[in-house]
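Q: Below are the structure tokens for one structure; questions will follow.
The values are calculated or read from the model by the stated rules, or taken from the named source; none is laboratory data. Computed from a prediction, not measured in an experiment: that's the story for all the values here. Virtual Cβ from ideal backbone geometry, glycine too; neighbours counted across all protein chains shown.
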Amino acid sequence: MSIIETEPQTLYVLNGVTRTYTGKGRTVTPLTGVTVEIAAGDFVTIQGPTGGGKSTLLQLLGALDRPTAGSLLLGGTELSSASNAELGRIRAEDIGFVFQGFNLIPTLTARENVAMALVPTKTPAPERAALVEEALSHVGLADRGDHLPGELSGGQQQRVAIARAIVKRPRVLLADEPTGNLDEEMRDEILALLESLCAEGLTLIVVTHDTAVAKRAHRRLRLKNGRLNEV
């Protein structure tokens, strides 16, 4: 059985989303009136210049921040008005995160790093152990569970990070430059892994500066001057 449950419907609906920050006598608006829908099971990349609002958009999609104006729905839940407790539950259960820098705890084994993602979900220990082994197997690291991050290659560390993101069986995986620290060969291996997860039904949203990555997506979006457009 697939580790990801398919959901053939619209997952995200953004309508007029604006995010403004004010401080030290100045106002910055990294997002202006962003309107877009993202279907469940889609593979979407977001490109754009540095400082163009990509990280801000990813934070909003990840329920880490709220819009200043506009509507942002995830699976029918309005994130802009949800309680902090509800946002925390959504982050813990529905959203997986992968970063350029892997963000693994160096003193924990691969197995322990993956298990950390299940702590907020209060998953019982026997089930937690089974899910961790399943996730490691899914990313091709069934035999590396006892290794520390320092004993793994960059590509293997990113595989551990992906296992940590999918172990809770989220609805969406948000990735910020997931291949930015990898060479070309390893980049392609990680992309193939992400594509296989997407083929199983996982919604994949990737911020990238790499056109080779963007070209493999189902949809390519570009964010510039706070506005989002199809490529």
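Q: Please list, ordered by first then second residue, the pairs with beta carbon atoms under 9 Å, 6 or more apart or interchain, first in the stretch 134-155 and small (G, A, S), second loosely packed, with under 14 Cβ neighbours inside 10 Å and not in a loop (DSSP other than H, G, I, E, B).
A: G155/E185
Q: Would you call A161 in contact (Cβ under 8 Å) with a residue 24 or more places away in the chain, among the small types (G, A, S) and closer than 20 Å to S55 by Cβ?
A: For A161, the condition - in contact (Cβ under 8 Å) with a residue 24 or more places away in the chain, among the small types (G, A, S) and closer than 20 Å to S55 by Cβ - is met.
Q: Right, L174: crowded, with 23+ Cβ neighbours inside 10 Å, closer than 17 Å to Q47 by Cα and out of contact with any Cys (no Cβ under 8 Å at 6 or more places or on another chain) or not?
A: yes
Q: Does D176 meet the test of being in contact with a Phe, Trp or Tyr (Cβ under 7 Å, 6 or more places away or on another chain) and under 25 Å from L136 (Cβ atoms)?
A: It is true that D176 is in contact with a Phe, Trp or Tyr (Cβ under 7 Å, 6 or more places away or on another chain) and under 25 Å from L136 (Cβ atoms).
Quick grid of which residues meet (1) surrounded by 15 or more Cβ atoms within 10 Å (Cβ to Cβ); (2) touching a Phe, Trp or Tyr at 6+ places or on another chain (Cβ under 6 Å):
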{"position": "N15", "(1), (2)": "no, no"}
{"position": "T29", "(1), (2)": "yes, no"}
{"position": "T35", "(1), (2)": "no, no"}
{"position": "I38", "(1), (2)": "yes, yes"}
{"position": "A63", "(1), (2)": "yes, no"}
{"position": "A82", "(1), (2)": "yes, no"}
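Q: Okay, next question. Answer yes or no: is there a residue in the stretch 166-178 that is in a loop (DSSP other than H, G, I, E, B) and among the acidic types (D, E).
A: Checked against the condition, which is being in a loop (DSSP other than H, G, I, E, B) and among the acidic types (D, E), the stretch 166-178 yields at least one hit.
Q: Do any strands (runs of 3 or more DSSP E) entirely within the stretch 5-79 hold 3 or more residues that are at pLDDT below 95 and farther than 22 Å from A165 by Cα, and if so, which?
A: 10-23, 26-39
Q: Let me ask something else about it. Can you tell me which condition G154 does not meet? The list is (1) under 18 Å from the mean Cα position of the chain (by Cα); (2) surrounded by fewer than 20 Cβ atoms within 10 Å (Cβ to Cβ), and all the others hold.
A: All conditions are met except number (1).
Q: Of all residues in the stretch 95-126, how many are surrounded by 18 or more Cβ atoms within 10 Å (Cβ to Cβ), closer than 17 Å to R144 by Cβ and not hydrophobic (A, V, I, L, M, F, W, C)?
A: Count: 3.
Q: Hey, can you tell me all the residues within the stretch 132-151 that are assigned to a helix (DSSP H, G or I) and closer than 14 Å to I162 by Cβ?
A: Scanning the stretch 132-151 gives V132, E134, A135, L136, S137, H138, P149.
Q: Further question on the same structure: So if I check each of R144, R159, which one is crowded, with 16+ Cβ neighbours inside 10 Å, closer than 30 Å to E127 by Cβ and within 15 Å of the chain's Cα centre (by Cα)?
A: When all the criteria are applied, what remains is R159.
Q: I'm trying to understand the selection: among the residues of the stretch 92-122, which are free of Cβ contacts under 8 Å to residues at least 40 places away in the same chain, assigned to a loop (DSSP other than H, G, I, E, B) and of a type outside the set (K, R)?
A: Of everything in the stretch 92-122, just one residue is free of Cβ contacts under 8 Å to residues at least 40 places away in the same chain, assigned to a loop (DSSP other than H, G, I, E, B) and of a type outside the set (K, R), namely T109.
Q: Another one. Please verify whether G51 is of a type in the set (G, A, S), surrounded by fewer than 16 Cβ atoms within 10 Å (Cβ to Cβ) and within 30 Å of K215 (Cα to Cα), treating the condition exactly as stated.
A: Yes: the conditions hold for G51.
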